[in-house]
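J.: Sharing a structure with you now.
Where a number appears in this text, it was derived from the coordinates with a stated rule and is not lab data. Just so it is clear, the structure is predicted and the values come from calculations on it, not from any experiment. Counting neighbours? That spans all protein chains shown, and the Cβs are built from the backbone with ideal geometry, glycine included.
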Amino acid sequence: MQRICMLLLMVCTGCIKMNDLKKNPNKATIAPPAVVLSGIEQSMFEKPWGDAQRHAQYYCITYSYYGNQSYDFGAASFYYSALRNIAQLEKEAGRIGGDQMRPYYALANFLQAWFYIKMTAQVGDIPMSEAMKAEQGIDRPAYDTQRDIYLQCLQLLQRAHDTIAILNATRHYTVDGDIFFNGNLKQWQKLINAFRLRVLISLSNKAGDPQLALKETFASILKLPLPESNQDNLQITYGTSDVSNYYPAYTLTPEADAKRSPLGATYINLLKALRDPRLFIVALPAAIDNADSLHNNDFSSYRGAATGTLQGALNDSASKGFFSLPDYHYWFSSPAGHPTILLGYAEVNFSIAEGIQRGWIHDVPASNYYEEGIRAAMKEYDLPSDTIRKYLAQPVVQYQAATGLQQILQQKYLAFFQHAGWEAFYNQRRTGIPAFITGPSNQNHGLIPRRWTYPASESIDNLPHLTAALKRQYNGADNINGVMWLLQ
């Protein structure tokens with residue numbers, strides 16, 4: 001009898017499906033779309049005072065423990081985990097169903113484009129059409145060309161805008177879990193169009209491609225809702241209620257941290273050349289020149305650290321007060337800090353000004369958008385209107401058609417200080433403005449890298465398609481100086 005019971009138990013156990021055995025009772029398999037959306041939006045965050053800002057030559061590091069200026073880029077970061085969450089967002093919206101779920105599908109289209117462009121801008125070709133289809137038997141996805149990725153992303157953004165436009169025209173829709181705009185779809189419509197302008201400008205080298213239709217698409221977007229002020233910025237605002245919400249650069253030792261991070265000469269020299277009053281807010285005068293008193297209104301009292309200087313020399317000079325430090329009272333002393341803008345009104349104006357200057361738009365002066373971009377960027381520092389007016393009146397700042405592109409890109413660079421992640425680096429990579437400094441600390445043969453290498457996991461999990469993509473783009477070499485399609 002005992003043997004019979006044991007046999008029955010074994011037979012019943014054998015009837016249990018493998019999928020049932022794999023389920024973790026302590027792990028949720030469903031979640032409200034609002035919860036999923038909040039997590040995805042958090043993964044969009046780009047922190048200030050990080051690698052992106054240092055490699056854009058806004059500041060230097062004097063202690064190698066915290067970083068360096070070697071420019072020996074490593075592997076890129078892939079964001080397929082965020083894209084899986086976006087797929088889950090669509091799945092959860094479908095599970096609940098109903099008209100109120102429609103905005104989540106539109107935001108999912110935008111978010112897909114955001115992360116795919118973020119990845120392709122780092123390396124070039126990546127899997128997209130066959131990505132995340134393991135359940136369909138595709139566990140080694142082919143790589144899409146960078147051109148096809150941009151075409152697909154532009155389609156996703158068009159779809160996202162069109163859906164939200166219809167929703168905004170019919171009745172008041174909203175989404176829960178939105179940490180940026182509190183579910184306001186009118187602001188999302190503006191933001192999606194702003195991102196479309198960023199993408200189109202990033203493709204400026206491809207203006208002759210008829211399928212991309214950059215000029216026509218750019219002109220059509222200017223007729224649609226766009227950010228109207230800094231109130232429409234896509235930004236992270238910090239708080240003091242919880243440590244997890246503190247400004248990332250907040251520290252209990254602000255002066256010591258500032259001494260490790262002198263501001264870069266590329267940034268400081270441009271502010272000085274334009275006699276820009278933002279200099280007196282973001283930076284402290286070089287202490288060695290002001291032993292008796294600090295002249296905060298004297299441009300000659302400020303000096304940046306040249307990216308490319310050997311680490312030991314940087315450290316010695318910084319310790320003697322030779323460089324201008326970030327104003328640590330302004331940047332590092334408050335847990336509330338200052339908002340980090342991921343995509344803002346100032347950038348939108350500079351993108352439009354650049355499009356006009358490149359001849360994509362006619363019958364409207366680029367100077368209007370150039371000046372409005374400067375106003376928006378300066379208002380982020382609460383500068384008085386009269387100060388902004390005097391700045392714009394300077395001959396060196398006034399827009400000139402002959403030098404317009406350089407002026408627009410310089411002001412865009414200034415506006416990106418501690419904002420927008422890698423956008424300052426990408427704009428310089430695309431245009432060469434402003435000129436970046438190299439020197440003996442550069443470990444990339446004196447070159448500024450053009451890309452990152454592919455993640456090591458790709459050579460393990462997807463080697464055949466990785467090999468094909470490298471051969472197609474970079475003569476088979478995963479080289480940080482390889483020139484991707486975007487830049488050709």
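J.: Using only alpha-carbon positions, what ratio does the radius of gyration of the range 324-411 give when scaled by 2.2 N^0.38 Å?
T.: 1.25
J.: May I ask you to evaluate 6.51 cos²θ - 1.76 cosθ + 1.60, the Karplus curve with θ = phi - 60°, for each residue of the range 139-145 and list the ³J(HN,Hα) values in order in whole Hz, giving x for glycine and proline?
T.: These are the phi-based 3J(HN,Hα) values: 9, 10, x, 6, 8, 7, 5 Hz.
J.: Determine the percent antiparallel among the DSSP beta bridges restricted to the chain, to the nearest 5.
T.: Counting only bridges with both partners in the chain, antiparallel ones make up about 80 percent.
J.: Another question, then. Do any of Lys133/Lys412; Lys91/Lys186; Lys47/Lys320; Lys215/Lys412 go past 32 Å between their Cα atoms, and which?
T.: Those over the limit are Lys133/Lys412.
J.: Now, a different point. Kindly provide the Kirkwood hydrodynamic radius of the range 110-191 in Å, to one decimal, from all pairs of distinct alpha carbon atoms.
T.: Value: 14.4 Å, from the Cα pair sum.
J.: Please report, in Å, the Rg and the Dmax of the range 164-238, where both are computed over Cα atoms only.
T.: Cα only, the range 164-238: 14.5, 43 Å (Rg, Dmax).
J.: OK, next. Roughly how many whole Å is it from the C-alpha centroid of the range 213-229 to that of the range 98-143?
T.: When both Cα centres are located, 24 Å separates them.
J.: Please arrange Leu486, Leu191 by how many other C-beta atoms lie within 10 Å of their C-beta, fewest to most.
T.: Leu486, Leu191
J.: Give the Kirkwood hydrodynamic radius (Å, one decimal) of the range 118-251, defined as one over the mean of 1/r across all pairs of different Cα atoms.
T.: Value: 17.6 Å, from the Cα pair sum.
J.: Counting other beta carbons within 10 Å of each Cβ, put Glu135, Glu228 in order, fewest first.
T.: In order of increasing Cβ crowding within 10 Å: Glu135, Glu228.
J.: Right, another one. Report the normalised scattering of the range 253-351 as log10 I(q)/I(0) at q = 0.12 Å⁻¹, calculated by the Debye formula with identical scatterers on the alpha carbons.
T.: Reported log10 I(q)/I(0), two decimals: -0.43.
J.: Could you grab the relative contact order for the range 296-387? Cα pairs under 8 Å, six or more apart, rounded to a whole percent.
T.: The normalised contact order for the range 296-387 reaches 19 percent.
J.: Taking the Cα centre of the range 303-374 as origin, work out the dipole magnitude from +1 charges on Lys and Arg Cβ and -1 charges on Asp and Glu Cβ, in debye rounded to 20.
T.: It comes to approximately 340 debye.
J.: If you place +1 on the Cβ of every Lys and Arg and -1 on the Cβ of every Asp and Glu, how big does the dipole about the Cα centre of the range 395-488 come out, in debye to the nearest 20?
T.: Computed charge dipole of the range 395-488: roughly 240 debye.
J.: D for the chain, whole µm²/s, Stokes-Einstein with Kirkwood Rh over alpha-carbon pairs at 20 °C and 1.002 mPa s: what number?
T.: Stokes-Einstein gives a translational diffusion coefficient of 87 µm²/s.
J.: Would you mind calculating the gained length between Ser300 and Ile96 on full extension (0.36 nm times residue separation, minus the Cα-Cα distance), in nm to one decimal?
T.: Extending this stretch completely gives an extra 67.2 nm.
J.: Could you work out how far helix 146-170 tilts from the main Cα principal axis of the chain, as a 0 to 90 degree angle to the nearest 10?
T.: Computed tilt is about 80 degrees.
J.: Compute the distance from the alpha-carbon center of the range 310-335 to that of the range 381-445, in whole Å.
T.: Measuring centre to centre over Cα atoms gives 22 Å.
J.: Can you tell me the convex hull volume per residue for the range 360-488, based on C-alpha atoms, in Å³ to the nearest whole number?
T.: Once divided by residue count, the hull of the range 360-488 is 176 Å³.
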